[in-house]
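Presented below is the structure to which this report refers.
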Amino acid sequence: MREKINGKTILITGASSGIGYELARQLAERDCRLILIARRDELLRQLIDSLPDGGEKHRYYKCDVSDQGTVETVCRDILNSGTVIDIFILNAGVSSGYKPPDLDIENIKLQFDVNFWGVLYFLKYLLPPMIERNDGLVAATGSPAGYRGMPKSAPYSASKAAL
């Protein structure tokens, strides 16, 4: 698999921290060209500056993946630039505790908007060119919680099950 990834153009959502951040670091070491996406602009800039070839080779977009209009704008910019994305790593995710007596609908909606809809928005706009080329790889970060659930995490588990 390592040889198949080297030198590819890879889009990573949720790149400013956690799994996305570490993937960006490791993939940059494999001579990949990265398109990094996250909500936190300053953290994205710091990450880009720390990577080999920094801003020369890699790009980033501040984007809330739960906002379809923003995702569409980012995707349109990527497509209009002529960039061919070889791999999507749709990794952005959120979670928070859950107590049934305190049913926080907005929090539940946010988790679905990011963990489920955020993946679908990117697929809607960027998958068709990949299908036309008949080439590419898509990975979406799920969770074992989507299969078994986790205590006090019903919304997170449900959003990952939907994914």
Worksheet, complete the sentence: Expressed in square angstrom to the nearest 10, the accessible area of Asp86 with a 1.4 Å probe stands at 30 Å²
Worksheet item: Between Lys152 and Thr73, what is the FRET efficiency for a Förster distance of 22 Å, r being their Cβ-Cβ separation, to the nearest 0.05?
Response: 0.05
Worksheet item: Where does the chain land at 222 nm, in deg cm²/dmol rounded to the nearest 500, when only DSSP H runs of n ≥ 4 count, each adding -39500 (n - 2.57), divided by all residues?
Response: -13500 deg cm²/dmol
Worksheet entry | Proximal charge balance of Pro52 [Cβ under 12 Å; K/R count +1, D/E count -1] | -1
Worksheet item: Carbon and sulfur: what percent of segment 50-163's accessible surface (1.4 Å probe)?
Response: 55 percent
Worksheet item: Rg and Dmax of segment 95-163, Cα atoms, in Å?
Response: 14.6, 50
Discussion item. At 1.306 mPa s and 10 °C, plugging the Kirkwood radius over alpha-carbon pairs of the chain into Stokes-Einstein gives what diffusion coefficient in µm²/s?
Written reply: 97 µm²/s
Discussion item. About the Cα centre, and with charges only on the beta carbon of Lys, Arg (+1) and Asp, Glu (-1), how big is the dipole of segment 72-124? Nearest 20 debye, please.
Written reply: 100 debye
Worksheet entry | Surface/4 of the Cα convex hull for segment 43-123, nm² | 6.6 nm²
Worksheet item: Tell me, in nm to one decimal, what length is gained between Glu29 and Asn6 on full extension, where the rule is 0.36 nm per residue of separation less the Cα-Cα distance?
Response: 7.4 nm
Discussion item. Heavy atoms of the protein only, probe of 1.4 Å, neighbouring chains included. What is the accessible area of Asp77 in Å², nearest 10?
Written reply: 80 Å²
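The values are calculated or read from the model by the stated rules, or taken from the named source; none is laboratory data. Every value quoted in this text rests on a predicted model; they were computed, and no experiment measured them. Using ideal geometry, Cβ is built from the backbone for each residue, glycine included, and neighbour counts are taken over all protein chains shown. Just so you know, the surface numbers come from the protein's heavy atoms only, side chains and all, with ligands and any DNA or RNA stripped out. Shrake-Rupley method; radii C 1.70, N 1.55, O 1.52, S 1.80 Å.
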